[in-house]
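Q: First, the structure itself, so that you have it in front of you.
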Amino acid sequence: MRVQNLSLLALAVAAGLSLSACQGDDSSSQSSGDSSASADQKSDTSTGGTGSSDGSDNSDGSSGDIGAGGGSEAASDACKTSQLDFSSSPGMGEGTLLVNLKNTGSATCTLQGFPGVDLKSKDGAISADRTKDTPQKVSVKAGAETRFTLSYPPNTSGGTGATFTSLSVTPPGETHSASVPATINIPASDSTASAIRVTPVGAGK
């Protein structure tokens, strides 16, 4: 079957997502030697110009810092993998599984987009495709949870099929994944992989 081949393809795609560091701007300039111009520049900077490095401009609570995630202030409340508890439960019908994401932090966080989901077995892994649903921004209060739906073709062929024993789930906008125990048995056919799909977070039913 194609499970191992699909695993290699998934790894290759994941490797291509690594970003190279940006090269700095070569902006060397000559000193004018004009001491009065230098004094004027200092005066302009002290009146609230951009790029203050002493942190004094952040006393009003509107931090301009960009964190390790590279997001702006609007994205600073995004849920991190480390503050989420993952579990699974049966979906509404055969061939569906709900993956639940509980906010274990002390403040509300948000999620928007599709999760990355790999079905794993002893023989390899298959990456789930996305549905055509439009992602919506979901606010998750401390102690509350949201979810998404994983759909797959159930094995009704009478054969052993392929059995997956866990999911590797990466929340939207995150690079760290979490392992979620799950038992999924699908037919061992070439068309199976394309039929495994996930909804955006918040669209689970």
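The values are calculated or read from the model by the stated rules, or taken from the named source; none is laboratory data. Here the structure is a predicted model, which means the values were calculated and not measured. Methodologically, a virtual Cβ is constructed for each residue, glycine included, from the backbone with ideal geometry; neighbour enumeration extends over all protein chains shown. Keep in mind that these areas ignore ligands, DNA and RNA; they rest on the heavy atoms of the full protein, side chains included. Shrake-Rupley method; radii C 1.70, N 1.55, O 1.52, S 1.80 Å.
Q: Taking into account only those residues within region 114-133 that are over 19 Å from residue 174 (Cα atoms) and hydroxyl-bearing (Ser, Thr, Tyr), which is farthest from the chain's Cα centre (by Cα)?
A: By that ranking, first place goes to 121.
Q: Another one. Residue 200 fails exactly one of the following numbered conditions: (1) in contact with a Phe, Trp or Tyr (Cβ under 7 Å, 6 or more places away or on another chain); (2) over 22 Å from residue 78 (Cα atoms); (3) open to solvent by less than 20 Å² (accessible area, probe 1.4 Å). What is the number of that condition?
A: Going through the list (1) in contact with a Phe, Trp or Tyr (Cβ under 7 Å, 6 or more places away or on another chain); (2) over 22 Å from residue 78 (Cα atoms); (3) open to solvent by less than 20 Å² (accessible area, probe 1.4 Å), residue 200 breaks only (2).
Q: Select from region 149-185 the residues that are touching a residue at least 40 places away in the same chain (Cβ under 8 Å) and at positive phi and list them in ascending order.
A: If the condition is that a residue be touching a residue at least 40 places away in the same chain (Cβ under 8 Å) and at positive phi, then 173 is the only one that fits.
Q: If you don't mind, there's one more thing I want to ask. So residue 128 passes all but one of these: (1) surrounded by fewer than 17 Cβ atoms within 10 Å (Cβ to Cβ); (2) modelled with pLDDT of 95 or more. Which condition number does it fail?
A: Answer for residue 128: the failing condition is (1).
Q: Restricted to region 158-169, and to residues that are touching a Ser or Thr at 6+ places or on another chain (Cβ under 8 Å) and among the small types (Gly, Ala, Ser), which residue is modelled with the lowest pLDDT?
A: Looking at residues that are touching a Ser or Thr at 6+ places or on another chain (Cβ under 8 Å) and among the small types (Gly, Ala, Ser), I get 162.
Q: Of all residues in region 79-90 being touching a Ser or Thr at 6+ places or on another chain (Cβ under 9 Å) and over 12 Å from residue 177 (Cβ atoms), which is most open to solvent (accessible area, probe 1.4 Å)?
A: So the residue we want is 90.
Q: A follow-up question, please. Can you give me the number of residues within region 170-195 that are over 27 Å from residue 109 (Cβ atoms), assigned to a loop (DSSP other than H, G, I, E, B) and either open to solvent by 70 Å² or more (accessible area, probe 1.4 Å) or at pLDDT 95 or above (or both)?
A: Count: 2.
Q: Please tell me if residue 141 is of a type in the set (Lys, Arg) and in contact with a strand residue (DSSP E or B) (Cβ under 8 Å, 6 or more places away or on another chain).
A: Yes, satisfied.
Q: Separate question: Filter region 91-125 down to the residues that are among the small types (Gly, Ala, Ser) and within 15 Å of residue 179 (Cβ to Cβ), then identify the one that is surrounded by the fewest Cβ atoms within 10 Å (Cβ to Cβ).
A: Applying the filter and picking the extreme gives 121.
Q: Could I ask something else about it? Condition first: free of Cβ contacts under 8 Å to residues at least 40 places away in the same chain, touching a strand residue (DSSP E or B) at 6+ places or on another chain (Cβ under 6 Å) and closer than 15 Å to residue 88 by Cβ. Can you find one or more residues in region 186-205 that meet it?
A: No, region 186-205 contains no residue that is free of Cβ contacts under 8 Å to residues at least 40 places away in the same chain, touching a strand residue (DSSP E or B) at 6+ places or on another chain (Cβ under 6 Å) and closer than 15 Å to residue 88 by Cβ.
Q: Further question: Among the residues of region 139-169, how many are open to solvent by 30 Å² or more (accessible area, probe 1.4 Å) and among the aliphatic types (A, V, I, L, M)?
A: 2
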